[in-house]
Structures are given as C-alpha cells and as structure tokens.
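Each value in this text was obtained by applying a stated rule to the coordinates, not by laboratory testing. Everything numeric in this text was worked out from a predicted model, so none of it was measured. Here the Cβ positions follow ideal geometry from the backbone for every residue, glycine too, while neighbour counts run over all protein chains shown.
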Amino acid sequence: MRLADQGPAADEMMAFGDSMNDYEILRMAGASVSMGNVRPAIRQIASRAIGTNAERAVQTELRALLRGSRSSTASLMPGGS
C-alpha cells in the first residue's frame, strides 16, 4: 500500500531533503525544500532551497511556518501567500 493511496494529498505535505534517500518524498510532497548542501539531483526536483543543516535552516523554516510568518516556504503551502 502506498502513502499516496491512503495518506495526505500532495498539497498537504511539506518535505525537506538533501540526499538521494529523500528523492521520492520530495517528489511526492506539494512543497519540497532542499538543503543548501544538497545533491544536484535533489536540487532539480525541489520547489526551493534553503540554508544548510549547520545553519539550522529547517528549524528556522518550520518556526516561521508555525508562527504564520510569510516566509517563502509558507507561500508554498496551501493558503500561503
């Protein structure tokens, strides 16, 4: 059974990734965000790129999204601007 068959719709999902093991989830997610230290194949499929893990970029993006900031990641999510 696949997540796409039973889980949330693509526009309800956000995924972060930096390596080939993240490829499928990034393709599936409505908002796919690659890290600054990403492999080229992942950069090509991601909706946007952010900083590196060392810069705590995922934490910064999630905090902004949860606070309702109008960050560029928030604009990728349904209802964002």
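Observations
- The requirement of being in a helix (DSSP H, G or I), over 14 Å from the mean Cα position of the chain (by Cα) and not charged (D, E, K, R) is fulfilled somewhere in region 5-18, by at least one residue.
- Within the option set Met14, Met35, being touching a strand residue (DSSP E or B) at 6+ places or on another chain (Cβ under 9 Å), surrounded by 14 or more Cβ atoms within 10 Å (Cβ to Cβ) and in contact (Cβ under 8 Å) with a residue 60 or more places away in the chain holds for one residue only, Met14.
- Region 19-30: number of residues that are closer than 12 Å to Arg48 by Cα and outside any helix (DSSP H, G or I): 1
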